[in-house]
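Asker: My questions will all concern the structure given below.
Throughout, read-outs are computed from the coordinates displayed, never taken from laboratory work. Source: prediction; values computed, not measured. Quick reminder, even Gly has a Cβ in these numbers, built from the backbone with ideal geometry, and neighbours come from all protein chains shown.
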Amino acid sequence: MSTKLATANQPMISISNVSKFFGDFRALDDVSLTVDRGEVLMIVGPSGSGKSTLLRCINYLEVPDAGEIIIDGKHVTPKEIDGKFVRLKERGLNAIRAEVGMVFQRFELFPHLTVLENICLAQQKVRKSSRSESEKVARGLLEKVGIPEQANKYPPKLSGGQQQRVAIARSLAMQPKVILFDEPTSALDPEMINEVLDVMLTLASEGMTMVVVSHEMGFARKAAHQVVFMDGGTIVEQGTPDQVFGAPQHERTKLFLSRILH
Amino acid sequence: MAADLPPSTSLKPPTKKRFNWRTFPWWLVAIGLIIAYMGFRIISDPVYTRIFETILTGLGATLMVTVISFICALILGLLLGLGRVSRNVLIRNLSIGYIEFIRGVPILVLIFTISFAIVPALSNGLGLNASNVSLTVRAIIALVLIYAAYIAEIFRAGIESISRGQMEAARSLGLTHGQAMRYVILPQAFRNVLPALGNDLIAILKDSSLVSVLGVREITQVSRLSVSSSFKYEETYFILTAFYLTMTLVLSLLLQWLQRKMSSNVH
């Protein structure tokens, strides 16, 4: 009961002291971060810096070796009760994942299902909504991302930009509290990047909580509230886009930015 | 600008396929001729006609054993294949153990072992009389237990051919592991393994000849029985060969046609 009162103030995502190893390789080293409701957090950094791993830990696609992740007050990582760590049951984990959307670099649409069926599948199987209801939601979302005419096509027939917009619509169909974007534009042809970024900007302006791993500076300047620069599995620098991009404090950040900004 | 271009029809490649002797399936013509020659002999030569009619009496048994075994092996093979990639240690090890056991023993030996050792032992264990289990049923049980292991490996390969991202995308939407398998992974895996499953259907058709050792009166057994009294080895075994060749060739062409049709429908 007491948690209910606190909900409004507590962060949407709270990550504390998370570490992750792949064998001997330390992918994440004691990372702590909070994302507030409606905040757009941008994670930048060189490849292998742990930014994708961090994103994948948030919805437990990757299991952190240490630390705590709490989404909207719910523990994703094992929760300490009376001195014992209790793992979240599979069902609870599925429920959290249903509320955390994820958009992948390679879209990962289901190629054997039509665009409409892609957006309806989880609504029907997870939320148990009816066929007509879920299709209504799906068509509305396709309208929102600007490709209502593609509803009955199969994903491989669509351009990369269209596929990524379907992928965003698919995650929106679950009415997520937060959406994680894992390099959503890096597999796209240059002329298709903006159509995806426009959809993301709309979501940001509507107050969606977003964690975006990307190097799109334009998007960062327009929409991001907070920018995190990661390297070697740790957070090197953190601040507003103007602070991190305009006046970076650390040498590694300066070096990285000079390389990607030319 | 467009008006300056020559008429577009002249730029189109010729629609009629030209005969290409390099890619023409000469082998098919050769095998077709052999089968046609056997057909001619069967029609024209009364000895061949009689043997053909004798072997024909076993065709029903061959087809029945093949079809029932294949369908049951598909179901059991899918379950074993899922067990093979299961995250449950016990289920995974039981599945791998079974598959490796079966694949490590010759099919002919397994047919004997299953029919004359495992089936009787199991029926005794269940308090049934093993002699009530007909040889045809034993033959089918044996082929199912054997081919399920081979088909399980096909399904495993099919499941593993689907990129990890598909499972992750499904899970990130809140689907359970089982739902992701059923609605996302398996439909794609199934499409990928159809050619391999077709090959196993042909293989099981050919291996149904092995159950002649149990005395099941399928075409091979009927031929052997016929030869033992007629001594017409040459005629009988040529006709028997033509039987299998015709069936496997027709199946193979049918499967190729199906595959082409499916890949042209690919989305």
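Asker: Which condition number does A:H225 fail, the rest of (1) more than 18 Å from the chain's Cα centre (by Cα); (2) over 16 Å from A:L54 (Cβ atoms) being met?
Answerer: (1)
Asker: Here is a follow-up. Which members of the range A:96-119 meet the condition of being more than 7 Å from every other protein chain (Cβ to nearest Cβ), in a helix (DSSP H, G or I) and within 11 Å of A:M174 (Cβ to Cβ)?
Answerer: The answer is A:E99, A:I119.
Asker: Then there's this: When you scan the range A:178-201, do you find a residue that is under 21 Å from A:M12 (Cα atoms) and without any contact (Cβ under 8 Å) to a residue 40 or more places away in the chain, even just one?
Answerer: yes
Asker: Among the residues of the range A:134-144, are any in a helix (DSSP H, G or I) and either under 17 Å from B:A180 (Cα atoms) or hydroxyl-bearing (S, T, Y) (or both)?
Answerer: Scanning the range A:134-144 turns up at least one residue that is in a helix (DSSP H, G or I) and either under 17 Å from B:A180 (Cα atoms) or hydroxyl-bearing (S, T, Y) (or both).
Here's the yes/no breakdown for (1) hydroxyl-bearing (S, T, Y); (2) under 23 Å from B:I107 (Cα atoms); (3) in contact (Cβ under 8 Å) with a residue 24 or more places away in the chain:
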position	(1), (2), (3)
B:R191	no, no, yes
B:A196	no, yes, yes
B:I202	no, yes, yes
B:I219	no, yes, yes
B:S223	yes, yes, yes
B:S228	yes, no, no
B:F231	no, no, no
B:F243	no, yes, yes
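Asker: The conditions are (1) more than 26 Å from A:G140 (Cα to Cα); (2) of a type in the set (V, I, T); (3) in contact (Cβ under 8 Å) with a residue 40 or more places away in the chain; (4) buried (at least 17 other Cβ atoms within 10 Å of the Cβ), and A:T253 fails exactly one of them. Which is it?
Answerer: It is condition (3) that A:T253 fails.
Asker: Residues in the range A:204-239 that are of a type in the set (S, T, N, Q) and exposed (fewer than 13 other Cβ atoms within 10 Å of the Cβ): how many?
Answerer: Looking only at that region, the number is 1.
Asker: Taking B:L33 as the residue in question, decide whether it is among the aliphatic types (A, V, I, L, M), within 30 Å of B:Q179 (Cα to Cα) and outside any loop (DSSP other than H, G, I, E, B).
Answerer: It is false that B:L33 is among the aliphatic types (A, V, I, L, M), within 30 Å of B:Q179 (Cα to Cα) and outside any loop (DSSP other than H, G, I, E, B).
Asker: If you don't mind, another one. Kindly provide the set of residues from the range B:166-190 that are at the interface with chain A (Cβ under 7 Å from one of its Cβ atoms), surrounded by fewer than 18 Cβ atoms within 10 Å (Cβ to Cβ) and closer than 23 Å to B:Y150 by Cα, ordered by number.
Answerer: B:P187
Asker: Considering only the range B:116-138, I want to know if a residue exists there that is buried (at least 16 other Cβ atoms within 10 Å of the Cβ), touching a helix residue (DSSP H, G or I) at 6+ places or on another chain (Cβ under 6 Å), under 30 Å from A:R97 (Cβ atoms) and among the β-branched types (V, I, T).
Answerer: Scanning the range B:116-138 turns up no residue that is buried (at least 16 other Cβ atoms within 10 Å of the Cβ), touching a helix residue (DSSP H, G or I) at 6+ places or on another chain (Cβ under 6 Å), under 30 Å from A:R97 (Cβ atoms) and among the β-branched types (V, I, T).
This table checks each residue for (1) under 26 Å from B:V250 (Cα atoms); (2) of a type outside the set (V, I, T); (3) at the interface with chain A (Cβ under 10 Å from one of its Cβ atoms); (4) touching a Phe, Trp or Tyr at 6+ places or on another chain (Cβ under 8 Å).
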| site | (1), (2), (3), (4) |
| --- | --- |
| B:T136 | yes, no, no, no |
| B:L143 | yes, yes, no, no |
| B:I151 | yes, no, no, no |
| B:S163 | no, yes, yes, no |
| B:N192 | yes, yes, no, no |
| B:L197 | yes, yes, no, no |
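Asker: Right, something else. I want to confirm something. Restricting to the range A:120-152 and keeping residues that are of a type in the set (S, T, Y) and more than 14 Å from chain B (Cβ to nearest Cβ), which single residue is surrounded by the most Cβ atoms within 10 Å (Cβ to Cβ)?
Answerer: A:S130
Asker: Also, I was wondering about something else. Does any residue of the range B:250-260 turn out to be surrounded by 14 or more Cβ atoms within 10 Å (Cβ to Cβ) and of a type in the set (A, V, I, L, M)?
Answerer: So far as the range B:250-260 goes, yes, one or more of its residues are surrounded by 14 or more Cβ atoms within 10 Å (Cβ to Cβ) and of a type in the set (A, V, I, L, M).
Asker: Let me ask another. Just the residues that are part of a strand (DSSP E or B), among the β-branched types (V, I, T) and either loosely packed, with under 14 Cβ neighbours inside 10 Å or within 14 Å of chain B (Cβ to nearest Cβ) (or both), please, taken from the range A:56-91.
Answerer: A:I71, A:I81, A:V86
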